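Contents: one structure, followed by commentary.
The values are calculated or read from the model by the stated rules, or taken from the named source; none is laboratory data. Keep in mind that what you see is a predicted model, and the values were worked out from it rather than measured. Neighbour counts are summed over all protein chains in view; Cβ atoms, including those assigned to glycine, are modelled from backbone coordinates with ideal geometry. Note: accessible area is taken over every heavy atom of the protein model, side chains too, but ligands, DNA and RNA are not part of it. Shrake-Rupley method; radii C 1.70, N 1.55, O 1.52, S 1.80 Å.
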Amino acid sequence: MRVDRSQLAALVEEIGRFYITDRAMARAQQRFAELFADADPSDADLDAYLDAYLDAVRRYFGGFEREARAHLSDVEGRLAKVSQVQFNLTAERGVAARRVAATQGVLSKAAELRQP
């Protein structure tokens, strides 16, 4: 046997928690889940299907990883845009607040001049 049985069993268990839609991956997962349902599957049984199982895992989860990375990149880009908008609005708010203060000062001084 080329792999550590406990690591392989843990991988089979972890993958078993996913909802698998690909038929080839689902068959490979079912096969290994059944093998590990036995207390001690033989090396011959494991070796007979190991390469196919690991290939199915790479193919299936590799696609999900690419999809997740693309989504993460998209979200990060959108967050960067939101951060830039927030930065710009904060700066704009500061300018507007200073204009309000400056105009209030002018109006206040003008009002003082009108009073006798």
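Can you give the Rg/Rh ratio of the stretch 11-116, where Rg is from the C-alpha atoms and Rh is the Kirkwood radius? Result: Rg/Rh = 1.64. Among the chymotrypsin sites (Phe, Trp or Tyr not before Pro) in the stretch 2-35, those placed in a DSSP loop whose Cβ has at most 15 other Cβ atoms within 10 Å are F18, Y19.
Of the residues A110, Q30, A48, the one whose Cα sits farthest towards the positive end of the charge dipole of the chain is A110 (charges of +1 on Lys and Arg Cβ, -1 on Asp and Glu Cβ, taken about the Cα centre). Solvent exposure of the chain amounts to 80 Å² per residue of accessible area, where only protein heavy atoms count and the probe is 1.4 Å.
Between R59 and S83, the modelled labels are 3.9 nm apart [label points 7 Å from Cα along Cα→Cβ]. Grab the other residues whose beta carbon is less than 14 angstrom from that of R66, score K and R as +1, D and E as -1, and report the net. Result for the neighbourhood of R66: 0. Given their separation in residues at 0.36 nm each and the Cα-Cα distance between them, S108 and S42 gain 14.6 nm when the chain is fully extended. Contact order, relative form, for the chain: 22 percent (alpha carbon pairs under 8 Å, 6 or more residues apart, mean separation divided by residue count). Other residues lying with their Cβ under 15 Å from the Cβ of A24 contribute a combined charge of +2, Lys and Arg counting +1, Asp and Glu -1. Computed from point charges on the beta carbon alone (+1 for Lys and Arg, -1 for Asp and Glu), the dipole magnitude for the chain about its Cα centre is near 1520 Debye.
Could you tell me how many degrees, from 0 to 90 and to the nearest 10, lie between the Cα long axis of helix 5-16 and the main elongation axis, the longest principal axis, of the Cα atoms of the chain? Orientation of helix 5-16: about 60 degrees from the principal axis. Within the accessible area of the chain, the carbon and sulfur atoms contribute 55%, probe 1.4 Å, all protein chains present. Rounded to the nearest 500, the 222 nm mean residue ellipticity of the chain from helices alone is -31000 deg cm²/dmol, with -39,500 (n - 2.57) taken per DSSP H run of at least 4 residues. Output the 0 to 90 degree angle, nearest 10, between the alpha-carbon long axis of helix 43-114 and the longest principal axis computed from the alpha carbons of the chain. Roughly 10 degrees, rounded to the nearest 10. Overall, the stretch 54-112 carries a charge dipole of about 140 debye about its Cα centre when +1 sits on the Cβ of Lys and Arg and -1 on the Cβ of Asp and Glu, all other atoms neutral.
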